[in-house]
Amino acid sequence: MELLLPTNPEDRAIMRLFFELCSSCFTYFPILRSAGDETKLEAALDQFKMGLLNVDTFLRTMGNRGRDGPYLFGNQFTLAECNAAPFVQRACMVLPTGIGSGRSIDPLDICDEFKLDRVKCWIMAVLD
């Protein structure tokens, strides 16, 4: 039985770093609050894109560590995914509707646009 909390202290530290990163990277409220202000929308969208890039980079450099699978630690679904899942799910549900911004913004399309394959795989696994 897989545990939600890794037993390896180094993996626990990586998970804590991932918590911190995701708490700022998956916030989409600035996009929602930018309604009617194209300058604010572009700035908020740039920040969101940078967040996806940062998560992709983290997953590529610190994730998996020799293990296959879509999650931070390969096939092991951990507290890292539990913590981020609500934010990821809401971002992927709300942003494509255009609520707030007036523009359909799909995080998975952004991943495709910037070739962020690792974070796209992770998002899809979290949404599944």
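One line per residue, one yes/no per condition, for (1) of a type in the set (D, E, K, R); (2) on the phi > 0 side of the Ramachandran plot; (3) at pLDDT 95 or above:
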{"position": "Asn83", "(1), (2), (3)": "no, no, no"}
{"position": "Val94", "(1), (2), (3)": "no, no, no"}
{"position": "Gly100", "(1), (2), (3)": "no, yes, no"}
{"position": "Arg103", "(1), (2), (3)": "yes, no, no"}
{"position": "Leu108", "(1), (2), (3)": "no, no, yes"}
{"position": "Cys111", "(1), (2), (3)": "no, no, yes"}
{"position": "Leu116", "(1), (2), (3)": "no, no, yes"}
{"position": "Lys120", "(1), (2), (3)": "yes, no, yes"}
{"position": "Ala125", "(1), (2), (3)": "no, no, yes"}
Qualifying residue in the range 64-77 (condition: open to solvent by less than 80 Å² (accessible area, probe 1.4 Å) and in a helix (DSSP H, G or I))
no
Pairs under 8 Å by beta carbon, first residue free of Cβ contacts under 8 Å to residues at least 24 places away in the same chain in the range 57-75, partner aromatic (Phe, Trp, Tyr) and open to solvent by less than 90 Å² (accessible area, probe 1.4 Å), six or more apart or different chains?
Asn64/Phe73; Arg67/Phe73
Starting from the range 13-38, keep only residues that are over 13 Å from Leu59 (Cα atoms), then list their pairs with residues that are among the hydroxyl-bearing types (Ser, Thr, Tyr) whose Cβ atoms are within a distance under 7 Å, requiring at least 6 positions of separation or different chains.
Ile31/Ser101; Leu32/Ser101; Ser34/Ser101; Ala35/Ser101
Test Val126 against the criterion of being under 11 Å from the mean Cα position of the chain (by Cα), farther than 22 Å from Pro30 by Cα and open to solvent by less than 80 Å² (accessible area, probe 1.4 Å), and give yes or no.
yes
Determine whether the range 45-56 contains at least one residue that is under 25 Å from Leu3 (Cα atoms) and open to solvent by less than 10 Å² (accessible area, probe 1.4 Å).
yes
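For every residue, the table says whether it meets (1) touching a residue at least 60 places away in the same chain (Cβ under 8 Å); (2) open to solvent by 20 Å² or more (accessible area, probe 1.4 Å); (3) part of a helix (DSSP H, G or I).
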site	(1), (2), (3)
Asn83	yes, yes, yes
Arg90	yes, yes, yes
Pro96	no, yes, yes
Gly102	yes, yes, no
Ile110	yes, no, yes
Lys115	no, yes, no
Cys121	no, yes, yes
For the range 24-38, give me the residue count where each residue is within 14 Å of the chain's Cα centre (by Cα) and exposed (fewer than 13 other Cβ atoms within 10 Å of the Cβ).
1
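Quick one: which of Leu53, Leu59, Leu17, Leu41 is out of contact with any helix residue (DSSP H, G or I) (no Cβ under 6 Å at 6 or more places or on another chain), at pLDDT 90 or above, within 14 Å of Ile123 (Cα to Cα) and in a helix (DSSP H, G or I)? Before you say what the answer is, go through the steps one by one.
On the way: Leu59 fails: out of contact with any helix residue (DSSP H, G or I) (no Cβ under 6 Å at 6 or more places or on another chain); Leu17 fails: within 14 Å of Ile123 (Cα to Cα); Leu41 fails: within 14 Å of Ile123 (Cα to Cα).
Just one listed residue meets the conditions, Leu53.
The values are calculated or read from the model by the stated rules, or taken from the named source; none is laboratory data. Everything numeric here is computed off the predicted structure, so don't read it as measured data. Ideal geometry is used to build each Cβ from the backbone, glycine not excepted, and the neighbour counts take in all protein chains shown. Remember, those area values only see protein heavy atoms, side chains included, never the ligands or the DNA or RNA. Shrake-Rupley method; radii C 1.70, N 1.55, O 1.52, S 1.80 Å.
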